[in-house]
Amino acid sequence: MGIIRSITALIIGLGVGVIGHEMGFIPGFTELAGLNRESDDADTADFVDFEESLYVSADWADPDNDCQDTRTEMMLAFGLDVVTTEDKCTVLSGTWRDNFTGRTITDPNDVTIVHVVPLFETHYSGAYGWDSERRKAYANHFQPSEAIALMRPKVPLNSTVLIAANDPRAGLGITDWLPEDPQIACDYAQRWVTVKGVWGLNINAPEQDQVEKLLRRCAS
């Protein structure tokens, strides 16, 4: 039996706030189930074409209305030596880890918040059937908390968003693009299936094959 068949326990754990390891293979992460298989239901009544505005507006959301949008809160939660304006609304300096390359970002203007699963891929993996509230929640999900602060500058495994200098994927899925660094590629694969599993998104056969291959390599 291949690696793909049961990640259910991990997904349930993540759903109640258990945070997996940032890097390195997760103990017990031997199979990948709980992930929906992609079906031919894109022509059903609830299907809508993809538009980025269905998930994010021109600016990142500020769900708690504290003047810190998702981008700013990510920078505060997962940066080191972060300095802000007196009202804490704007980040002036700090250092951040690029989750695609491992490099250090020192200019806050260079920080880009990217989605683990690109929104285009998310949409056609089943999110087209979500309501507006769930789409917005997905697009801004990273659970800032004291527990996460203890991990800084590591972004928790079930976050739908990451920090990078830019998004080199151009919307490509995991079968067409991977980080160059093998260890970061392992982390990316874990994040990909975790996000898809937690949010009930579909995974197709090429994804299954790619992830199975990656996680076998990561476990060796």
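The values are calculated or read from the model by the stated rules, or taken from the named source; none is laboratory data. The shown structure was predicted, so the numbers you read here are calculated from the model rather than taken from an experiment. Every residue, glycine as well, gets a Cβ built from its backbone with ideal geometry; the counts of neighbours run over all protein chains shown.
The residue of segment 105-116 that is surrounded by the fewest Cβ atoms within 10 Å (Cβ to Cβ), among those that are among the β-branched types (Val, Ile, Thr) and part of a loop (DSSP other than H, G, I, E, B), is Thr106. Screening Ala165 against (1) small (Gly, Ala, Ser); (2) surrounded by fewer than 15 Cβ atoms within 10 Å (Cβ to Cβ); (3) touching a Ser or Thr at 6+ places or on another chain (Cβ under 8 Å) leaves a single unmet condition, (2). Condition check for Thr175 on (1) modelled with pLDDT of 90 or more; (2) crowded, with 18+ Cβ neighbours inside 10 Å: one failure, at (2). The set of residues in segment 53-68 being surrounded by 10 or more Cβ atoms within 10 Å (Cβ to Cβ), modelled with pLDDT of 90 or more and either of a type in the set (Gly, Ala, Ser) or in contact with a Phe, Trp or Tyr (Cβ under 8 Å, 6 or more places away or on another chain) (or both) consists of Tyr55 alone. Among the residues in segment 131-143, are any within 19 Å of Pro63 (Cα to Cα), touching an Asp or Glu at 6+ places or on another chain (Cβ under 6 Å), touching a residue at least 40 places away in the same chain (Cβ under 8 Å) and of a type outside the set (Lys, Arg)? Checked against the condition, which is being within 19 Å of Pro63 (Cα to Cα), touching an Asp or Glu at 6+ places or on another chain (Cβ under 6 Å), touching a residue at least 40 places away in the same chain (Cβ under 8 Å) and of a type outside the set (Lys, Arg), segment 131-143 yields no hits at all. Remark: Ala219 matches the filter, which requires a residue to be among the aliphatic types (A, V, I, L, M) and in contact with a Phe, Trp or Tyr (Cβ under 6 Å, 6 or more places away or on another chain). Can you work out which of the residues in segment 117-156 that are at pLDDT below 90 and in contact with a Ser or Thr (Cβ under 6 Å, 6 or more places away or on another chain) is surrounded by the most Cβ atoms within 10 Å (Cβ to Cβ)? Within segment 117-156, the match that is surrounded by the most Cβ atoms within 10 Å (Cβ to Cβ) is Asn140. Taken over segment 50-95, the criterion of being among the aliphatic types (A, V, I, L, M) and assigned to a helix (DSSP H, G or I) is satisfied by Leu54, Met74, Met75, Leu76, Ala77.
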